[in-house]
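Step one of this worksheet: look at the structure below.
Bear in mind that the values in this text are calculations on the coordinates, not laboratory data. This structure is a prediction, so every number in the text was calculated from the model and none was measured. FYI the Cβ positions are ideal-geometry reconstructions off the backbone, even for glycines, and counts take in every protein chain you see.
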Ligand code: AMP
Ligand code: MG
C-alpha cells in the first residue's frame, strides 16, 4: 500500500547495518591505501563550493516518502552533494576487488562513491543512498574521486530510463553541479579539458558487488567472507533461510538466475553495458555503474560502445550472457572456501546456459507477440536476425514497426506499405532492394503462419508486442544532445528526455522526434557512437 504521508529530511529513518555488522577498516585517515580484512572504510564526502541542482527524480523522492518541494531547499542540495550529513547517516566507502577485462585487478573499491546510509521506508523497503563523485576515498588509487556533468547525466538519465523500461537497475535520486571544475582527458589523447564537476546520488537496495566477495577471498579471509555472505543473505535475500544447510548454494543459484534475467532484459531493449567487469556486477542482478554503455541502433550483435574495448570487444552486445556466466564463475570461486565442494557449484553454473536459453526464447517470442516459444517460432527468430543484420536496421524501430503491420493484409501488401512502416527503421534506403524485400516478405509470411497456428489475434499481437518493445530508449545521440545543452546551462532537454522516457512503451505522438533513428551526423560523432571510460 502506498503511504501518502510525506516526510521531512530529518524524519528519514536510517538503518546502517552494513557498517554495524561487518568489519571496518580501522584507519580513519582519508589516504589512498590497501585495506585488508575489512568490508569498508569510513570516509567523509569532500565539501564543494557552490552546489546547484540539475535534476531530481520525482519517482525516487516519492519512493522515499519525501515531498517533491524539498528539492528546492538549500538543505536538500547541500545534502546530496555531500556538504552536510543528516543525523543517522554514516558515510563510508566499500572495499571490493574485481576482474577487469578478464584480468584480476586486486583491490578496486568505491574510489569515488560514498554511501551515506540506508533509508528504511514506511513500506519497510531498504534504500541505500550513495554519492558518486563526492571526492576521494581510500580506494581512489591514482584518480581524483570526482565525476563530470557529461557522465553523471548519462548515469542519471539511463538508470531512470531503465527503471521505467522494467529493467532491474540501481536508481538515481539527484544530479547536482558542485560549482567546481574537473579536468578530464575525454579520449585519453592528451587533450585536457576543464569540465563541470557533478555528483549523482544513486539509490539501490544494496550496492554489494561480486567484487566485495572476491576481495576477501583473495585475502584468504574466510572468516569475514562468511560474515559478508551471512549478512547479504539476511539483509538482501530475507526470503532465504540462513539456517538451512544449503543456504549458500540456494543463494548462489538465485544470483545466477537474477543475473541471467537482467541480461535478458538488456537483450530485449538493446542495451550494451560496456564494462561488465566483476566489480560492476550487482549481487542483486541490478544494472550498475553506467559508464561507456550504449543502445543498439542498427542491429549489430558485435557492437560495443566502449572504445577501451574496441579491439577484443569482450563486452559486445551478443557476448553479454557469456560474460555474465564468466563473472558468476569468478563469484563461485570466491565463495568456494565456504562450500568446499566444486560439484554443486558447477551444477548450478551448468544450469545457467539452459535457463538463459529458455528465457531468451520466451523473451524473443514475446517480442513477436507470442505467449510461448516453440520450435517454429525459434526458427522464425533466427531467420529474423539474419535479415536484421543483412541491412542496417534499427532494432527498436523494427519491432515497433512490426506491431503496426496488418498481417491479415499481407497477401495484398505492396512495397509502399512496407516502406511506409519500415523506412523509419532502415538506415540506408539503397540497401532495401527487390531481393531484400522478397526475403523480408517471405519471412513475414512465415510469421503470419506462426501467428495463425498460435491463434494469435492481430489485436493481441499488437498489444503484447507494445508491452515489451519500447518505442523510446535513451538513444546515444539524444543523450549527447542533452549533455551538450546542459554544458551550456540549458537543462530543458534533460527534463524533456526524462519525461518521455517515463513512458517508453506508449505512443507519444507529440514526442515522436525522440523515437527517431540516429541521424547521419551522429554516425561517427564522439559520445554518439563511441565512448571512453573517462568520466
Ligand atoms: P569503473 O570501471 O568505472 O567501474 O571503475 C573502476 C574502479 O575505478 C572503481 O574502483 C572506481 O571506483 C574507480 N574509479 C573510476 N573513476 C574514478 C575517479 N575519477 N576517481 C576515483 N576512482 C575512480
Ligand atoms: Mg565500477
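Overview of results
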{"quantity": "Proxy reagent accessibility, fewest Cβ within 10 Å first, across 120, 19, 288, 215", "calculated": "120, 19, 288, 215"}
{"quantity": "Region 191-234: mean projected area of Cα convex hull, nm²", "calculated": "5.6"}
{"quantity": "Spatial separation of Cα centroids for region 208-236 and region 61-97, in angstrom", "calculated": "27"}
{"quantity": "Calculated log₁₀ intensity ratio I(q)/I(0) where the Debye formula runs over C-alpha points of region 221-366, q = 0.16 Å⁻¹", "calculated": "-0.89"}
{"quantity": "Contour excess over end-to-end distance, with Cα ends at residue 467 and residue 318 and 0.36 nm allotted per residue", "calculated": "51.3 nm"}
{"quantity": "Helix 247-269 axis, angle to the chain major axis (alpha carbon atoms, nearest 10°)", "calculated": "50"}
{"quantity": "Computed [θ] at 222 nm, deg cm²/dmol, the chain (DSSP H ≥ 4; -39,500 (n - 2.57); rounded to nearest 500)", "calculated": "-12500 deg cm²/dmol"}
{"quantity": "Rounded to 10°, Cα long-axis angle of helix 395-404 versus longest principal axis of the chain", "calculated": "50"}
{"quantity": "Footprinting exposure proxy for 46, 142 (fewest neighbouring C-beta atoms within 10 Å first)", "calculated": "142, 46"}
{"quantity": "Neighbour-count ranking [beta-carbon atoms within 10 angstrom, fewest first] of 158, 39, 95", "calculated": "158, 39, 95"}
{"quantity": "Spread of Cα-to-Cα distances over 10 Å intervals beginning at zero, given as percent, for region 1-62", "calculated": "14, 28, 31, 24, 3"}
{"quantity": "The chain: angle of helix 375-390 to the longest principal axis, Cα-based, in degrees nearest 10", "calculated": "90"}
{"quantity": "Relative contact order (percent, whole number), the chain, Cα cutoff 8 Å, 6+ residue spacing", "calculated": "14"}
{"quantity": "Fraction of antiparallel bridges per DSSP, region 9-207 only, in percent to nearest 5", "calculated": "95"}
{"quantity": "Separation between Cα centres of region 463-535 and region 114-172, rounded to whole Å", "calculated": "21"}
{"quantity": "Förster-model FRET efficiency, 45 Å R0, residue 124 and residue 382, C-beta, rounded to 0.05", "calculated": "0.50"}
{"quantity": "Among 320-327, 27-34, the order from most to least packed when residues are scored by Cβ within 10 Å on average", "calculated": "320-327, 27-34"}
{"quantity": "Nitroxide proxy distance, nm - points 7 Å out along Cα→Cβ at residue 490 and residue 239", "calculated": "4.7"}
{"quantity": "Cα convex hull of the chain - mean projected area over all directions, nm²", "calculated": "25.5"}
{"quantity": "Whole-Å distance, taken between Cα centres, linking region 250-311 and region 328-377", "calculated": "15"}
